[in-house]
Amino acid sequence: MDIPAKYNPGQVEEKWYSYWLENGFFRSVPNEREPYTIVIPPPNVTGVLHMGHMLNNSIQDILIRRARMLGKNACWVPGTDHASIATEARVVDKLRNEGIEKDQITREQFLEHAWEWKRKHGGIILEQLKKLGASCDWERTKFTMDDIMSESVIRVFVDLYSKGKIYRAVRMVNWDPQAKTAISDEEVNYHEVTSKLYYVKYRITGSEGFLTVATTRPETILGDTAVCINPFDERYRHLKGKKVVVPLVNRIVPVIEDEYVDMEFGTGCLKITPAHDVNDYEIGLKFNLPVIDIFNDDGTLNSRAEVFVGTDRFEARELVVKRLREEGLLVREEEFVNKIGYSERTESVIEPRLSMQWFLKMKEMAVPALENVLNGQIRLLPAKYINTYRYWMENIRDWCISRQLWWGHRIPAYYIEGSQDYVVATDLESALKLAKEKTRNQKLTVSDLHQDEDVLDTWFSSWLWPISVFDGIRNPGNPDMKYYYPTNDLITAPEILFFWVARMIMAGYEYVQEKPFKCVYLTGIVRDTQRRKMSKSLGNSPDPLELIKKYSADGVRMGMMLCSPAGNDLLFDESLPEQGRNFTNKIWNAFRLVKSWNVDPDLQAPEASVSAVAWFRERLKQGIAEINDSFEQYRISDALMTVYKLFWDEFASWYLEAIKPDYQKPMDLFTHAETVEMFKVLLKLLHPFIPFITEEIWQLLKDQPSESSIMFERMPESGIYDRDTINNFECAKEIIGFIRNTRKEKQIRQKEPLELKIRAESYDSGFDSVIIRLGNLSAITRITEHLKGAASFITAKAEYYIPLGELHDHENELRKLKKELEYNKGFLNTVMMKLNNRQFVSNAPEAVIKREQRKRTDAEIKIRALEERIRIIETRVGPN
């Protein structure tokens, strides 16, 4: 077999991914096997692959591939989200570049452009995921505005409206002036910024006096309809029942009293602008104040502002301050630190604004969603997020679900011409029927109905994702729903725990009376080495596809996972995928070595090889048990590190060295066959993490049937393993290390045989053949007395000597022994501090206490042996 000297990942990855697709290996349909299901967090249709996607989807693919190899029917459903705000912004920009403004074309024309944009750009990120090796069932790919998905969304809206859970009302909402739409509370990010507090004089009518208010938003003075004082503030008793003049617009407004006013903040006088502040709005309702909205949808001043009409709100702020200063009404300015809300999507400063919107009542739906996380029906990992989840759910507010956009699911409310009435229905024909019933006017036609212009919040489709991808809204109880729902694991980011995860849980209990998934694994954020979040604006985010070209998909997957514990941030630099690539090269070189050996079927297996095989069998079982335990606890990085060390440190560095034949000599059939089988076990363990190279080597190790794949091999089982065999080989490693260090220190060539003498009450000689081979020893003999003129190595159970004759340096050995003695005394002291700690002994598991007691015993034995060895040397050569 002609095996290339150098592994070519680009060629291999293209070959095997095409092979997997052509053979339908990722396809899943209901059958008699246990299902394992993941639904992908649908990336925005506007998106391209970034480092967060790489981490998230690497984890999903690892879990899916492992489930497949455990014999489960693994189904990973891919798809994309229509992303109303982001996509509409892209299309608006595209049209603007073509000289077309949105308001110059009809809704239908705009949607034609939007769908064209989606067809051209919408599948990019899914194609990029294929480069990573994602084993999704691509035949199940969904888009949140597909016909089936859209029908599900509309049905849910109509259903919730009929249950009285959706309502329409004028409320203070978060307005995004850049996107020109309302957004939910959860889509607002608050940042602490240094603002200015402006002290402004309002003239008191019927006198020459003034009162002073403090505000961070002088531009909203133009919409003031009252000034409020605290009724218990003695400073302003004289203002009760008075009126004041609003600066610049000379509007006369009342002075009102309410305990809401903080007497310690500013001057204790509060300007009330009901249209542009949530709290002012509530006070306005209480005192029946007029509402003056001074802003257009884009954040510019409208005619109701009276001055500076058409200027942007921030420009207007400067102009108002300048005018106040000119008119002698600005008392002073001072710096003030406060929190400002920004749109998560556009990063525009949010404008509180009164608006007619659609809302979904959430309190009742939140009850089972909270209960089933707290009782463990749904696991949140890491568990530290349970308290965050609980706080959100216990303080939940109604969800503003309408958006003033064209791209999205249009709200199925139909207004009746010539009245304030409307009906909610799944389609126009149903709406007409309802409208005739409601108005008792059988002459109504479809032309008398006008559908609501707004669309639904993108999350209103996403929250149905685990149900709608299996058509569970339109066809509840269908075979896919019965088989795949609830799904198993959801891999997502903590920042959308409420946006998406909590809402999916609510939808699950509302529509299926069942959780949507069993476990939520929350990844950390990918950051650079300076702990900054990776972003295009900072220029610190590498292009994932370039990383794949440079380090291979396997290398990048492995690099992402090497230090990515659930919920903790990943500090990324290119040394991580480089380490991954180096590991794949190590695997390839080990494979080439194994395949290079000629096999002699008549050759007897050397004792060293038989012993090494026996050891590595047990070590494999132990490693498999550790990997299984890590996966059960979702410690995926730990599982990877276990198999990484198992291959690199144990298999390549020790096992292959122990069994490889001498130069140009053949290998016996037993050792070769065992080695190939154990190599295959390692490949199976590695496959979920690094699928491409494992498939390549699997196919090359032995001739496989034409349509086979490692992904359908059963994951190895651990079974009971012999700890004594493993521990004895660890002891053999220490001895070999001592021999090699002695050679290095004394500059003794590897080809020159040495003799090893052992002084011990009991000693297991099972791996002597391996020690002799790897240490190049002429013999291993037992002695009963301390040996003079020899390099020594002392453990808790034995003393090891290599006779050196004139080469022996007593003074150097004495220094080493004293250093080792000092270390062991320090180690014993640390152990004793634990064992003498009552709290530790009371609370620690029995197994942990026994382990510490064993450490104490071993350390005490080793200290006595070291002290005795030091005494003997000092007696002979004097103290150092």
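The values are calculated or read from the model by the stated rules, or taken from the named source; none is laboratory data. Not measured: the values here are computed from a predicted model. For neighbour counting, all protein chains shown are included, and Cβ atoms are generated from backbone atoms with ideal geometry for every residue, glycine included. Heavy atoms of the whole protein, side chains included, go into the accessibility calculation; ligands, DNA and RNA do not. Shrake-Rupley method; radii C 1.70, N 1.55, O 1.52, S 1.80 Å.
What single numbered condition from (1) closer than 21 Å to Cys136 by Cβ; (2) in contact with a strand residue (DSSP E or B) (Cβ under 6 Å, 6 or more places away or on another chain); (3) of a type in the set (D, E, K, R) fails to hold for Asp480?
(2)
Among the numbered criteria (1) open to solvent by less than 20 Å² (accessible area, probe 1.4 Å); (2) more than 30 Å from Tyr511 (Cα to Cα); (3) touching a Lys or Arg at 6+ places or on another chain (Cβ under 6 Å); (4) not small (Gly, Ala, Ser), which single criterion is violated by Asp297?
(1)
What are the residue pairs meeting all of these: first residue in the range 798-827, first residue closer than 30 Å to Arg856 by Cβ, second residue modelled with pLDDT under 90 and open to solvent by 60 Å² or more (accessible area, probe 1.4 Å), Cβ atoms under 7 Å, and 6 or more apart or on different chains?
Partner pairs satisfying both residue conditions: Leu814/Asn880; Arg815/Asn880; Leu821/Glu867.
Which condition from (1) closer than 21 Å to Leu111 by Cα; (2) in contact with a strand residue (DSSP E or B) (Cβ under 8 Å, 6 or more places away or on another chain) is the one that Thr426 breaks?
Here Thr426 clears every test but (2).
Among the residues of the range 452-465, which ones are part of a loop (DSSP other than H, G, I, E, B), under 37 Å from the mean Cα position of the chain (by Cα) and buried (at least 16 other Cβ atoms within 10 Å of the Cβ)? I'd like the intermediate steps shown before the answer.
To start, the set of residues in the range 452-465 that are part of a loop (DSSP other than H, G, I, E, B) comprises 452-454, 457-458, 463-464.
Those left that are additionally under 37 Å from the mean Cα position of the chain (by Cα): 453-454, 457-458, 463-464.
Within the range 452-465, Asp454, Asp457, Thr458, Trp463, Leu464 qualify.
Among the residues in the range 734-744, are any touching a residue at least 40 places away in the same chain (Cβ under 8 Å) and open to solvent by 90 Å² or more (accessible area, probe 1.4 Å)?
yes
Would you call Leu685 touching a strand residue (DSSP E or B) at 6+ places or on another chain (Cβ under 7 Å), touching a residue at least 24 places away in the same chain (Cβ under 8 Å) and crowded, with 20+ Cβ neighbours inside 10 Å?
It is false that Leu685 is touching a strand residue (DSSP E or B) at 6+ places or on another chain (Cβ under 7 Å), touching a residue at least 24 places away in the same chain (Cβ under 8 Å) and crowded, with 20+ Cβ neighbours inside 10 Å.
Mind checking which residues of the range 397-442 are touching a Pro at 6+ places or on another chain (Cβ under 8 Å) and either among the β-branched types (Val, Ile, Thr) or under 22 Å from Met365 (Cβ atoms) (or both)?
Filtering the range 397-442 down to residues touching a Pro at 6+ places or on another chain (Cβ under 8 Å) leaves 424-427, 431.
Correct list: Val424, Thr426.
Might you let me know whether the range 127-140 holds any residue that is within 23 Å of Trp407 (Cβ to Cβ), among the polar types (S, T, N, Q) and assigned to a strand (DSSP E or B)?
Step one: filter the range 127-140 for residues within 23 Å of Trp407 (Cβ to Cβ), giving 127-128.
Okay, now just the ones that are also among the polar types (S, T, N, Q), so 128.
Of the ones still in play, those that are also assigned to a strand (DSSP E or B) are none.
No, there is no match, as no residue in the range 127-140 is within 23 Å of Trp407 (Cβ to Cβ), among the polar types (S, T, N, Q) and assigned to a strand (DSSP E or B).
Pairs under 6 Å by beta carbon, first residue under 20 Å from Ile548 (Cα atoms) in the range 3-30, partner open to solvent by less than 50 Å² (accessible area, probe 1.4 Å) and small (Gly, Ala, Ser), six or more apart or different chains?
Matching pairs, first to second residue: Pro9/Ser552; Glu13/Ala553.
From the set of residues in the range 798-851 that are among the charged types (D, E, K, R) and at pLDDT below 85, which is least open to solvent (accessible area, probe 1.4 Å)?
Restricting to residues being among the charged types (D, E, K, R) and at pLDDT below 85, the top hit is Glu813.
Mind checking which residues of the range 752-777 are open to solvent by less than 80 Å² (accessible area, probe 1.4 Å), without any contact (Cβ under 8 Å) to a residue 60 or more places away in the chain and of a type in the set (S, T, N, Q)? Reasoning before the result, please.
Taking the range 752-777 as the starting set, the residues that turn out to be open to solvent by less than 80 Å² (accessible area, probe 1.4 Å) are 753-760, 763, 765-772, 774-777.
Those left that are additionally without any contact (Cβ under 8 Å) to a residue 60 or more places away in the chain: 753-760, 763, 765, 768, 771, 775-777.
Within the range 752-777, Ser765, Asn776 meet the criteria.
Which one is most open to solvent (accessible area, probe 1.4 Å), of the residues in the range 247-280 that are assigned to a loop (DSSP other than H, G, I, E, B) and among the charged types (D, E, K, R)?
The selected residue is Glu264.
Among the listed residues Leu449, Leu444, which satisfies the condition of being in contact (Cβ under 8 Å) with a residue 24 or more places away in the chain, more than 26 Å from Val156 (Cβ to Cβ) and surrounded by 14 or more Cβ atoms within 10 Å (Cβ to Cβ)?
Working: Leu449 fails: more than 26 Å from Val156 (Cβ to Cβ).
Only one candidate qualifies: Leu444.
Just to be sure I understand, how many residues within the range 595-629 are at pLDDT 95 or above and in a helix (DSSP H, G or I)?
23
Name the single residue that is most open to solvent (accessible area, probe 1.4 Å) among those in the range 43-81 being assigned to a loop (DSSP other than H, G, I, E, B) and at pLDDT 95 or above.
Here the answer is Leu70.
Testing Trp175 on (1) over 30 Å from Ala214 (Cβ atoms); (2) buried (at least 19 other Cβ atoms within 10 Å of the Cβ), one condition comes back false. Which one is that?
That leaves (1) as the condition not met.
Exactly one condition in (1) of a type in the set (A, V, I, L, M, F, W, C); (2) closer than 30 Å to Trp16 by Cβ; (3) out of contact with any strand residue (DSSP E or B) (no Cβ under 9 Å at 6 or more places or on another chain) is false for Leu570; which is it?
Among (1) of a type in the set (A, V, I, L, M, F, W, C); (2) closer than 30 Å to Trp16 by Cβ; (3) out of contact with any strand residue (DSSP E or B) (no Cβ under 9 Å at 6 or more places or on another chain), the lone unmet condition for Leu570 is (3).
Lys6: farther than 30 Å from Leu571 by Cβ, in a loop (DSSP other than H, G, I, E, B) and not acidic (Asp, Glu), yes or no?
The answer is yes for Lys6.
Could you check the range 281-394 for helices (runs of 4 or more DSSP H) lying wholly inside it with 1 or more residues that are among the hydroxyl-bearing types (Ser, Thr, Tyr)? Talk me through it step by step, then tell me what you get.
Details: elements: 313-326, 363-374, 385-394.
Qualifying helices (runs of 4 or more DSSP H): 385-394.
Residues that are surrounded by 13 or more Cβ atoms within 10 Å (Cβ to Cβ), assigned to a strand (DSSP E or B) and modelled with pLDDT of 90 or more: does the range 781-793 have at least one?
no
Taking Ala553 as the residue in question, decide whether it is in contact (Cβ under 8 Å) with a residue 24 or more places away in the chain, open to solvent by less than 20 Å² (accessible area, probe 1.4 Å) and either touching a strand residue (DSSP E or B) at 6+ places or on another chain (Cβ under 9 Å) or closer than 30 Å to Ser343 by Cα (or both).
On the way: in contact (Cβ under 8 Å) with a residue 24 or more places away in the chain: yes; open to solvent by less than 20 Å² (accessible area, probe 1.4 Å): yes; either touching a strand residue (DSSP E or B) at 6+ places or on another chain (Cβ under 9 Å) or closer than 30 Å to Ser343 by Cα (or both): no.
No; evaluated as a whole, the condition is false for this residue.
Which one of these does Ser564 not meet: (1) at pLDDT 95 or above; (2) open to solvent by less than 10 Å² (accessible area, probe 1.4 Å); (3) among the polar types (S, T, N, Q)?
(1)
From Trp654, Trp597, Trp648, which residue is touching a His at 6+ places or on another chain (Cβ under 9 Å), open to solvent by 10 Å² or more (accessible area, probe 1.4 Å) and of a type outside the set (A, V, I, L, M)?
Trp597
Yes or no: Lys142 touching a residue at least 24 places away in the same chain (Cβ under 8 Å), open to solvent by 40 Å² or more (accessible area, probe 1.4 Å) and under 26 Å from Glu34 (Cβ atoms)?
Taking the combined requirement at face value, the residue satisfies it.
Give the residue that is farthest from Val170 (Cα to Cα), with candidates limited to residues of the range 398-441 that are buried (at least 17 other Cβ atoms within 10 Å of the Cβ) and charged (D, E, K, R).
Selected residue: Lys436.
Taking Lys862 and the conditions (1) buried (at least 18 other Cβ atoms within 10 Å of the Cβ); (2) more than 24 Å from Glu745 (Cβ to Cβ); (3) among the basic types (Lys, Arg), which numbered condition does it fall short on, given that it satisfies the others?
Result: Lys862 passes all but (2).
If we only count helices (runs of 4 or more DSSP H) wholly inside the range 472-588, which ones have 2 or more residues that are closer than 30 Å to Glu364 by Cα and of a type outside the set (Ser, Thr, Tyr)?
Details: elements: 479-484, 503-511, 544-551, 553-561.
The helices (runs of 4 or more DSSP H) meeting that bar are 479-484, 503-511.
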